[in-house]
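For reference, the structure is listed below as structure tokens.
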Amino acid sequence: QVQLVESGGGLVQPGGSLRLSCAASGSIVDIYHMRWYRQAPGEQRELVALINRGGGTNYAASVKGRFIISRDNGKNTVSLQMNSLKPEDTAVYYCNADIWVSGYDELRGYWGQGTQVTVSS
């Protein structure tokens with residue numbers, strides 16, 4: 001049993017900043033790739049940022065230079081620092097991770113429940 005829980009969402013004005021966090025808990029042996037996705041109403045869920053265990057990152061073109069993904073392997077957490085926020089960033093943000101779970105022989109994908117980010121004046 002593994003759970004991912006996001007926190008840090010809320011309402012912010014254009015140009016402002018928010019920091020999202022995601023904590024994994026349960027029967028975790030190890031965590032590999034960690035990702036942030038987002039989904040706006042009526043739209044497809046899209047990958048925002050990815051970070052591998054060694055710290056290598058990839059970003060969607062729309063957020064590159066504004067968002068920073070980071071992780072703490074010792075705490076099983078991943079964060080997304082969002083700067084220079086735009087109304088187009090408004091969405092539900094989801095944490096995702098590939099996890100080796102105790103008692104299983106393969107990696108499994110897990111999702112958080114999502115946290116709302118609203119950018120509006």
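The values are calculated or read from the model by the stated rules, or taken from the named source; none is laboratory data. Computed from a prediction, not measured in an experiment: that's the story for all the values here. All Cβ positions, glycine included, derive from the backbone under ideal geometry; neighbour counts span all protein chains shown. SASA here: full protein model, heavy atoms, side chains in, ligands and nucleic acids out. Shrake-Rupley method; radii C 1.70, N 1.55, O 1.52, S 1.80 Å.
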Before we move on, is Lys75 of a type in the set (Lys, Arg), closer than 25 Å to Val2 by Cβ and not in a strand (DSSP E or B)? yes
The residue from Val29, Val92 that alone is under 29 Å from Ser121 (Cα atoms) and part of a strand (DSSP E or B) is Val92
Give the residue, chosen from Gly65, Gly15, Gly74, Gly10, that is open to solvent by 30 Å² or more (accessible area, probe 1.4 Å), over 12 Å from the mean Cα position of the chain (by Cα) and in contact (Cβ under 8 Å) with a residue 40 or more places away in the chain. Gly15
Total residues in segment 22-59, condition open to solvent by less than 20 Å² (accessible area, probe 1.4 Å) and out of contact with any strand residue (DSSP E or B) (no Cβ under 8 Å at 6 or more places or on another chain): 0
Log entry, pairs with first residue in segment 39-59 being within 18 Å of Asn76 (Cβ to Cβ), second being in a loop (DSSP other than H, G, I, E, B) and open to solvent by 40 Å² or more (accessible area, probe 1.4 Å), beta carbons closer than 8 Å, six or more apart or on different chains, reads Arg53/Asn73
Could you list, in sequence order, the residues of segment 30-80 that are under 15 Å from Tyr94 (Cα atoms) and modelled with pLDDT under 95? Pro41
